[in-house]
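Heads up: the structure comes next, in structure tokens.
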Amino acid sequence: MWFGYRGKVVKVNLSNKKVSVEALDKQLVKEYVGCVGAAGKILYDMVPSWAGAFDPMNLLIFTTGPVTGTIVQSAGRFSVVTKSPLTGCFGDASAGGFFGPMLKFAGYDMIIFSGASEKPVYLYVEDENIELRDASAYWGMDARECDRAICSDLGDKKFEIACIGPAGEHLVRYAAIMHDDAGRAAARCGVGAVMGFKKLKAVAVKGAGKVEVADPEGLRKVMQEVLEFYNSAPIVKRLREGGTVAGYITMISIGDSPTYNFANEQFGEFDQKRAEKLGWPGGFEKILEKNSSCFMCAIGCRRVSKAGEGKYVLKEGSVEGVEYESLSMLGSDCGIDDVYAVNLLNDLCNRYGLDTISTGATIAFAMECYERGILSRKDTDGLDLKFGNADAAIELVHKIAKREGFGNILAEGSRRAAALIGGGAEYYAMHVKGLEMPAHDPRAFQGGGPHYACSPVGADHMEGISLFVEFSGQRFPELGIDGDYGDRTSTEKKAFVAKVIEDWWAFLTAAGWCLLVNPRYGAENRFIRAFNAVTGENITVGEALKAGERIYNLKRAFNLKHGISRMEDTLPERLLKEPNRKSNNAVVYLDKTMPEYLKLRGWQ
Ligand code: SF4
């Protein structure tokens, strides 16, 4: 009997259309837990080093964790794992919503796609009925249209649809996989482009099963404690009230949220007043319709957006609202402070199926090149790409998703685009290993330096960042973080903090938890007690950290196997040279933190 896991894996060969169901490997999940861990090991074993991301030998794995689909709070996650077309590294993208739990209800922990189809197809999964179906009618639709059309054709709105939009079809290297009416995204590392290469338009799942847990009473007890904590913790109150955007104005004021492609004041002052035009409380309220939530989450940080008004109106209202990362990268990082424009940019990205972080960062990069004379209107199809030009940014999103004109260059991601543009453009491409920087500037918290620089997937906050330790000085004694690490510009022991948080997050992600909840269970052992009650295991916090470390090392090993050199463990030069005024004029002191970090990891 399986507890937590459903014990079955769907295998789909898109080249010969063979579909099979196999047993989940017990030893695999014992060592690598689930989700990105277990799927990562399969990716490591099965994808040959010579295969590029756009090769039928590359796998695309939809995967869940053991706590997904149970009563465990804030744990309805799934991940998509593949070799990234943006970086050539291990690629993973994690997402919330309802798709992951529904896959578990259908009876499966994982779907592994190999090969590539010649014609558009989608995978239909309803309990034990699994088949590949023709998706020609949906090819070309945006992600929301596709989601609704498949549900309508199946005559059942209960199907959860994960699909790509035109960006994935056009192999935009940072295309996302969308779900929940194109409101949620497995966004990072270009997983949607791999899906497009495989001509897999969508996965439709529905199930009537249930995830058995080993100790239902014990689990209910821990969840009761968690809910009591949720109802008393100020941080949860703030997330409930303002969503992820609640921290935006503060993040701008302390130099964490980037402005003007991380050049900050060189192109303008993004002061409190401008931040309030986008943030909450403030301008964000103009586009806010209501709050919403993922599966089994009493925090409910999601936001539903109105269509807006004036020049920048969405095709329709009552759609997924703007999250912190999207607000920052499509807004202030591009020098844009019109909340309606950012709302529209966000919705366009969702419909086209684009990662909002990489899209915003790549547009900001192009804007800086334009401002500095590296690009001119001749290169940009006549667009006046000055920072703050929302109309030009909107036009670029259309062009990127369709790979039209200058958009075809930006669709390659900032690293490749910089190489194509030349003229010194490389300096302004804010990426690590080809993955664009998210909206947390490591000059504002020194643990972010070694974290981003050495991250196996590139610059990704979802791999675990230490900012919540460094910004608040919060202690996590059960993880060994029991000193005062609240001086965010100090490098003292920051390598240690970075590593521990990465390992902890790797475990939590592999189990199926939402990473927003990380410091919000009130005590680390609540995660472990819940994990044990679900799976019937008896692990400790220390063993969970070990499993996380194993998963992190696995990603690194994948990169080594695929020829990613140690030379790529670095940051954009700007972050090492140009001080961040709002963060005590700090640069990233990588020379101080990285040697210790590599030693702790055993990666020297
Ligand atoms: S905290 Fe937010 S993102 Fe995480 S599960 Fe809850 S609603 Fe979803």
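Here are a few things to note about the model shown:
- Per-region count, the stretch 417-462, residues open to solvent by less than 10 Å² (accessible area, probe 1.4 Å), in a helix (DSSP H, G or I) and closer than 27 Å to LYS561 by Cα: 9
Table: residues versus (1) within 25 Å of the chain's Cα centre (by Cα); (2) open to solvent by 50 Å² or more (accessible area, probe 1.4 Å); (3) at pLDDT 95 or above.
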{"position": "GLN474", "(1), (2), (3)": "yes, yes, no"}
{"position": "THR489", "(1), (2), (3)": "no, no, no"}
{"position": "VAL500", "(1), (2), (3)": "yes, no, yes"}
{"position": "TYR521", "(1), (2), (3)": "yes, no, no"}
{"position": "LEU545", "(1), (2), (3)": "yes, no, yes"}
{"position": "PHE558", "(1), (2), (3)": "yes, no, yes"}
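- Scanning the stretch 573-598 for residues that are among the hydroxyl-bearing types (Ser, Thr, Tyr) and in contact with a Cys (Cβ under 9 Å, 6 or more places away or on another chain) returns a single hit, TYR597.
- Scanning the stretch 8-57 for residues that are exposed (fewer than 15 other Cβ atoms within 10 Å of the Cβ) and either at pLDDT below 95 or of a type in the set (Gly, Ala, Ser) (or both) yields SER15, SER20, ALA23, SER49, GLY52.
- Among the residues of the stretch 463-485, those that are assigned to a helix (DSSP H, G or I) and touching a residue at least 12 places away in the same chain (Cβ under 8 Å) comprise GLU463, LEU467, PHE468, VAL469, GLU470, PHE471, SER472, GLU478, LEU479.
- Residues in the stretch 161-176 that are surrounded by fewer than 24 Cβ atoms within 10 Å (Cβ to Cβ) and more than 11 Å from TYR352 (Cβ to Cβ): LEU171 only.
- Any chance LEU576 is assigned to a helix (DSSP H, G or I), surrounded by fewer than 24 Cβ atoms within 10 Å (Cβ to Cβ) and in contact (Cβ under 8 Å) with a residue 24 or more places away in the chain: no
The rows are residues; the columns are (1) of a type in the set (D, E, K, R); (2) touching a strand residue (DSSP E or B) at 6+ places or on another chain (Cβ under 6 Å); (3) free of Cβ contacts under 8 Å to residues at least 60 places away in the same chain; (4) within 14 Å of MET437 (Cβ to Cβ).
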residue: GLY335; (1), (2), (3), (4): no, no, no, no
residue: ALA341; (1), (2), (3), (4): no, no, yes, no
residue: ASN346; (1), (2), (3), (4): no, no, yes, no
residue: ARG351; (1), (2), (3), (4): yes, no, no, no
residue: THR356; (1), (2), (3), (4): no, no, no, yes
residue: ALA364; (1), (2), (3), (4): no, no, no, yes
residue: GLU368; (1), (2), (3), (4): yes, no, no, yes
residue: LYS378; (1), (2), (3), (4): yes, no, yes, no
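- Failed criterion for LYS290 (all others in (1) surrounded by fewer than 16 Cβ atoms within 10 Å (Cβ to Cβ); (2) touching a residue at least 60 places away in the same chain (Cβ under 8 Å); (3) not in a loop (DSSP other than H, G, I, E, B) hold): (2)
- Condition check for GLU316: without any contact (Cβ under 8 Å) to a residue 12 or more places away in the chain, within 19 Å of ASP142 (Cβ to Cβ) and charged (D, E, K, R): yes
- Cβ-Cβ contacts under 6 Å between residues 6 or more apart (or on different chains), taken from a first residue in the stretch 130-150 that is within 26 Å of ASN346 (Cβ to Cβ) and touching a residue at least 12 places away in the same chain (Cβ under 8 Å) to a second residue that is small (Gly, Ala, Ser) and in a helix (DSSP H, G or I), are listed as TYR138/ALA149.
- Any hit, the stretch 96-111, residues being open to solvent by less than 10 Å² (accessible area, probe 1.4 Å), of a type in the set (Asp, Glu), more than 16 Å from the ligand (Cβ to nearest atom) and in contact with a Phe, Trp or Tyr (Cβ under 9 Å, 6 or more places away or on another chain): yes
- Set side by side, the residues TYR370, TYR340 differ, and just one is open to solvent by 30 Å² or more (accessible area, probe 1.4 Å), among the hydroxyl-bearing types (Ser, Thr, Tyr), in contact with a helix residue (DSSP H, G or I) (Cβ under 8 Å, 6 or more places away or on another chain) and not in a loop (DSSP other than H, G, I, E, B), which is TYR340.
- Within the stretch 73-92, the only residue that satisfies the criterion of being of a type in the set (A, V, I, L, M) and within 16 Å of the ligand (Cβ to nearest atom) is ALA75.
- The stretch 229-252 - residue that is among the hydroxyl-bearing types (Ser, Thr, Tyr) and within 13 Å of the ligand (Cβ to nearest atom) and, of those, nearest to GLY522 (Cα to Cα): TYR230
- Residue satisfying all of: in the stretch 394-416; hydrophobic (A, V, I, L, M, F, W, C) and open to solvent by 10 Å² or more (accessible area, probe 1.4 Å); farthest from SER583 (Cα to Cα) among these: ILE409
- Subset of the stretch 503-519 that is farther than 16 Å from LYS555 by Cα and within 13 Å of the ligand (Cβ to nearest atom) - its residue that is surrounded by the fewest Cβ atoms within 10 Å (Cβ to Cβ): PRO519
The values are calculated or read from the model by the stated rules, or taken from the named source; none is laboratory data. Computed from a prediction, not measured in an experiment: that's the story for all the values here. Don't worry about glycine lacking a Cβ; one is built from the backbone with ideal geometry, like all the others, and counts go over all protein chains shown. Surface accessibility is based on the protein's heavy atoms, side chains included, excluding ligands, DNA and RNA. Shrake-Rupley method; radii C 1.70, N 1.55, O 1.52, S 1.80 Å.
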